[in-house]
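Each reported figure results from applying straightforward, stated rules to the coordinates on display, with no laboratory input. Source: prediction; values computed, not measured. Positions of Cβ are generated from backbone atoms using ideal geometry, with glycine treated the same way; all protein chains shown enter the neighbour counts.
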């Protein structure tokens, strides 16, 4: 049977599980354009239940508001695909879960929906840690919808691992 996720992602998840288990960190996710792919990748690895608390798939603005507490004003002023929204999603996931560490991903996977200022492939990723500063990244990924989404998962796991290891 073919692997559901690329091997590099599984290795990253195994590393994440080991670090979070050692540091007794619980993880939460807030996904938009990835639609639960990060949660699927994490839970595909045995032992993930030791560290994974929950995931929020907040595809619509209303879901971001209701489930994560993202403010309407943030969404109106900056849009769903913005650093500000990614940070609010990650911080909301911490507040609404039992997690100490949260990853959020919001972006435009395409093929439509892009604009000159927010092109297809634009993805904002944020990692929040309870009671510390939130880190965020902006990416413009190339490729079709599947490629953009899988690159977003990989970049999200990289950032999550970096923050968990500090």
For this session: Note down the nm distance, to one decimal, between modelled labels 7 Å out along Cα→Cβ at residue 95 and at residue 62.
Result: 2.1
Problem set entry | Cα→Cβ-extended label distance, 7 Å offset, between residue 83 and residue 144, nm | 3.3
Exercise. Dividing the alpha-carbon radius of gyration of the chain by 2.2 N^0.38 Å (N being the number of residues), what value is obtained?
Worked result: 0.96
Exercise. How much FRET efficiency would the formula 1/(1 + (r/R0)^6) give for residue 4 and residue 162, where r is the Cβ-Cβ distance and R0 is 22 Å, rounded to 0.05?
Worked result: 0.35
Problem set entry | Separation of alpha-carbon centers, segment 63-117 and segment 16-53, rounded to whole Å | 18
Exercise. What value, in deg cm²/dmol to 500, does the helix sum -39500 (n - 2.57) over DSSP H runs of n ≥ 4 give at 222 nm once divided by the residues of the chain?
Worked result: -13500 deg cm²/dmol
For this session: Please tell me the relative contact order of segment 76-166 in percent, rounded to the nearest whole number, where contacts are Cα pairs under 8 Å and at least six residues apart.
Result: 27
